[in-house]
Structure formats: structure tokens, C-alpha cells
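Peer 1: Structure incoming, see below.
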Amino acid sequence: MSMTRKQFGRLALASVLATTVAGAALAQTAYPHKPITMVVPAAAGGTTDLAARMTAQALGPMLGQTLVVENKGGGNGNIATAQVKRAEADGYTLLMQYSGFHVISPHLGKSSWERDDFVPVANVLSAPQIVVVRGDLPVNTLQELVAYAKAHPMKLNYASSGNGSLQHVTGVQLEQAAGIQMVHVPYKGTGPALQDLLGGQVDLTFGTAPPFMPHIQAGKLKVLAVTSQARLPSLASVPTTTEAGLPGVNATSWFALFAPAKTPEAIVRKLEGDVRAMLNDPAFQKKALDQGATADFMDSKALGAMVKRDWDLWGKVVKAANIKAD
């Protein structure tokens, strides 16, 4: 029985559609079929880099592919973030993002990306800021630091990883909450700030615990407080800022995976599920705790809600303090 042209055309169209649908399904089920690049908006050695390398080591075998960590610091995180924004939305370029860069930097007036340029995947680590001073500064508690600052106005200088960084904003919080005045000294990253703190060129700084832990344990630095509601297990003897009488100083960093906007939902869901399994591993949890951080899973929806809350919160702080980018 012969077909008309119309019938043949319908059959051909149905065949093409079936092939397309099957191909799309195959592409999704085959993900990932090649190495994945995880871009880090900071130099090696900080907590963002730690989060990326821990994730690459643990998640790679689960995905059956290598996760390549690419450090690209600079521009308050804008260089790396913009790079991922421009990448193909196919799940092969991801961003291990630091909260300070994601919810503070855009308020500083030099951002080449928007919040909607990314889809949240999952949160990986959380870590409060710590208040850490040089070893020979004559204070041993946060209350003593405040008293020293009041007795020596504008004599204490605190380092940060740059204007508008979370360390800078935490310093502003402390000044406002305690009624003190200090001198802000911005650096191009936590590494250089840490080196000058160790060398005695600056008096104190703020930051997540991992880069400071070896120097605290060696007695070269003193940690006075943790800027969170609960104490850090790795620094169990160190009080929180609330316990020290300054509940207004509260700054917890998070380190989370994002993908370019329009990344297929199936890929986001796969990554989200694998990150959940990774963070449920007791070995991963212990490694994070030993470094002064917490394995803190949030799914895509919860992470997106947190981004929105922090975006609004820190935007108000930046505006009130008139903080500008370098």
C-alpha cells in the first residue's frame, strides 16, 4: 500500500521528533561524559579553594569523571564569575562560589554579572568568620580588644582581602557594634593579609578558620571570637561574638556550587543529589570540621533562598557604610 506525500511527511516528522527526544534523553542520562571544570574565584590556599578541592576529590569518583579546579582570582570575584556566566550551560563548567563575592561584590558598583545569570546547585561548606590577632598584641579576649581600641582610637589596623570583602564588612560590623574606630588595610586576597598579620604589619583580621588554623595551633596568632551563633568544634574553647557581648557581629561564609543559567534541570538535579551524598559521608564531614568548616548541604531551592536573604542583608550594610570597590 503506497503512502501519499502528506502521510510520508508526517511519518518523517514523527521520526525526527522521536530521534530528537531520544537523543536529548540519552544526553541527559550520559552526563557527564567528559571532565568538568570547577572555576574558583580566588587563589589557592583559602577556604573557597579548599571547598573546591575537597569537592573535586570526593565528587569526581561519584560522577565517574575528573573535576578540574581552575583558580582565577581578582576583581572581588568578578573575573571568575563572569567567565562561568559566559560558559555553555551544559554542566561542564561550574562555579565554586564564595558568599562574599556572590552577595556583596555586586553591590560595590563593578559587577559584570547578575544574580539571575546563575542557577544554584547546592551548598557545600559553611564557615563563620573568626576574629584573629597577631600573637604579641596585648589582648586575649574580644572584650579586651574593644577596650584596647577605645583606649587607642585609630591605632589598631585590620587587614581584609579587599574593599567590600566580607572581612572588610565584618570589621565595619565590629566597629559599629562596639563603638570603636580602626584603620582598614585592604589587601589583594587573604594570603597577603595573613602574611602581614604574621609579620606584625597589621594587628588583626577576620576570615574563615582554615587558612589560620596552623598558625593558631602554633601559637603565632590568637583567635578571640567566632562570628556565629554556635561555637566551632575545631575551636571549642573560643566564644562566639554573642557570648562575648556583641551579637551584632555575625558573619558566616558559605561556599556553594552554581551553574550558568539555563543549565538543564536534569543536570542540576544530578549534581545536587551527588553533592548531598558527598556531604553525608562521615569522612568528608570530619575533614571539613578539622579545617574549621562545616559540611552544610542545602539543595538548589534552599540555596537560592539564602542567596536572596544575604543579598538583601549585605546590600543594606554596604550602602549604610558607603563601601566602594577597589
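Peer 1: With at negative phi and free of Cβ contacts under 8 Å to residues at least 12 places away in the same chain as the only criterion, which of 233, 239, 214 stands out?
Peer 2: Matching residue, one of 233, 239, 214: 214.
Peer 1: Which count do you get for residues in the stretch 294-326 that are open to solvent by less than 50 Å² (accessible area, probe 1.4 Å) and at positive phi?
Peer 2: The total comes to 0.
Peer 1: Mind listing whichever residues of the stretch 249-270 are among the aromatic types (Phe, Trp, Tyr) and either open to solvent by 10 Å² or more (accessible area, probe 1.4 Å) or over 30 Å from residue 178 (Cβ atoms) (or both)?
Peer 2: Listed by number, the list holds a single entry, 258.
Peer 1: So, one more: How about the stretch 156-171: which of its residues are at pLDDT below 95 and not small (Gly, Ala, Ser)?
Peer 2: 163, 166, 167, 168, 169, 170
Peer 1: Could you list, in sequence order, the residues of the stretch 201-214 that are open to solvent by 40 Å² or more (accessible area, probe 1.4 Å) and either modelled with pLDDT under 95 or touching a His at 6+ places or on another chain (Cβ under 9 Å) (or both)?
Peer 2: 214
Peer 1: Name every residue in the stretch 57-86 that is without any contact (Cβ under 8 Å) to a residue 60 or more places away in the chain and in contact with a strand residue (DSSP E or B) (Cβ under 7 Å, 6 or more places away or on another chain), in order of residue number.
Peer 2: 60, 65, 67, 68, 69, 70, 71, 72, 77, 80, 81, 83 - these are the residues of the stretch 57-86 that are without any contact (Cβ under 8 Å) to a residue 60 or more places away in the chain and in contact with a strand residue (DSSP E or B) (Cβ under 7 Å, 6 or more places away or on another chain).
Peer 1: Determine if the stretch 36-47 includes at least one residue that is modelled with pLDDT under 90 and hydroxyl-bearing (Ser, Thr, Tyr).
Peer 2: Yes - at least one qualifying residue is present in the stretch 36-47.
Peer 1: How about the stretch 127-145: which of its residues are farther than 13 Å from residue 203 by Cα and open to solvent by less than 30 Å² (accessible area, probe 1.4 Å)?
Peer 2: Residues satisfying the conditions are 127, 128, 129, 130, 142.
Peer 1: If you go through the stretch 54-69 one residue at a time, do you hit one that is surrounded by fewer than 23 Cβ atoms within 10 Å (Cβ to Cβ) and either among the basic types (Lys, Arg) or closer than 29 Å to residue 316 by Cα (or both)?
Peer 2: Looking through the stretch 54-69, none of the residues is surrounded by fewer than 23 Cβ atoms within 10 Å (Cβ to Cβ) and either among the basic types (Lys, Arg) or closer than 29 Å to residue 316 by Cα (or both).
Matching residues to (1) within 15 Å of the chain's Cα centre (by Cα); (2) within 23 Å of residue 101 (Cα to Cα); (3) without any contact (Cβ under 8 Å) to a residue 24 or more places away in the chain:
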residue: 253; (1), (2), (3): yes, yes, no
residue: 259; (1), (2), (3): yes, yes, no
residue: 267; (1), (2), (3): no, no, no
residue: 273; (1), (2), (3): no, no, yes
residue: 276; (1), (2), (3): no, no, no
residue: 295; (1), (2), (3): yes, yes, no
residue: 307; (1), (2), (3): yes, yes, no
residue: 317; (1), (2), (3): no, yes, no
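Peer 1: Here is a further query. Just checking, which of 181, 167 is polar (S, T, N, Q) and in contact with a Phe, Trp or Tyr (Cβ under 6 Å, 6 or more places away or on another chain)?
Peer 2: 167
Peer 1: Looking at the stretch 184-196 only, could you name the residues that are touching a residue at least 12 places away in the same chain (Cβ under 8 Å) and open to solvent by 50 Å² or more (accessible area, probe 1.4 Å)?
Peer 2: If the condition is that a residue be touching a residue at least 12 places away in the same chain (Cβ under 8 Å) and open to solvent by 50 Å² or more (accessible area, probe 1.4 Å), then 186, 188 are the ones that fit.
Peer 1: Being in contact with a strand residue (DSSP E or B) (Cβ under 8 Å, 6 or more places away or on another chain) and farther than 24 Å from residue 322 by Cα is the filter here; which residues of the stretch 98-127 pass it?
Peer 2: Listed by number, the residues that qualify are 117, 118, 119, 120, 121, 122, 123, 124, 125, 126, 127.
Peer 1: Being open to solvent by less than 70 Å² (accessible area, probe 1.4 Å) and not aliphatic (A, V, I, L, M) is the filter here; which residues of the stretch 271-280 pass it?
Peer 2: Selection gives 272, 273, 274.
Peer 1: Let me ask something else about it. In this structure, is residue 273 over 21 Å from residue 46 (Cα atoms) and modelled with pLDDT under 90?
Peer 2: It is false that residue 273 is over 21 Å from residue 46 (Cα atoms) and modelled with pLDDT under 90.
The values are calculated or read from the model by the stated rules, or taken from the named source; none is laboratory data. What you see is a predicted model, and the numbers here were worked out from it, not measured in a lab. When we count neighbours, we look across all protein chains shown, and the Cβ atoms used for this are built from the backbone with ideal geometry, even at glycine. The accessibility values were calculated without ligands, DNA or RNA, using every heavy atom of the protein model including side chains. Shrake-Rupley method; radii C 1.70, N 1.55, O 1.52, S 1.80 Å.
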